[in-house]
Amino acid sequence: MNTGSTIVDIVVGVLQDRGSRVLEDTEHSYDYVMAFFAAWGALSTLVAGTIFLVDRFKWNSLLRSNAANRKEAYHMAKAKINRPMLYATAPNWREYAPLWNYIPLATLGVLLVTSWILFAIKLA
């Protein structure tokens with residue numbers, strides 16, 4: 001969360017400095033900043049819609065179910081898989097972890113490095 005806040009703060013500052021000026025007296029403009037936040041809102045709506053559709057059609061509304069239904073779904077999945085649920089304790093846990101699970105970790109790494117670079121550029 002803090003990494004994203006750092007990146008957004010710096011990006012908004014750059015957009016504000018590079019925005020079109022309505023008057024010659026003004027140093028900053030919010031035209032690009034407003035467009036950035038509108039695009040950010042559209043992206044968050046798209047992500048929320050995707051999560052809703054995946055939950056509804058792939059996970060059978062598991063995210064919106066009550067605790068009893070989630071527990072029942074857990075036990076059904078556990079019986080269906082028929083192997084230990086705590087793969088991290090198994091010696092060959094890497095074969096159980098799908099490759100797409102590494103995408104959030106890679107995204108976090110890229111955002112962290114981007115935040116450090118932008119912060120270093122801003123200090124220079």
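What FRET efficiency would be calculated for the residue pair PHE119, ARG18, taking the C-beta separation as r and a Förster radius of 22 Å, to the nearest 0.05?
On the way: r = 19 Å, r/R0 = 0.85.
Taking R0 as 22 Å, the efficiency between PHE119 and ARG18 is 0.75.
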What nm distance separates the two modelled labels at ASP31 and ARG70, each placed 7 Å from Cα along Cα→Cβ?
4.7
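Each reported figure results from applying straightforward, stated rules to the coordinates on display, with no laboratory input. For clarity, every value in this text was computed on a predicted model and none was experimentally measured. A quick note on method: Cβ atoms are made from the backbone with ideal geometry, for glycine too, and the neighbour counts reach across all protein chains shown.
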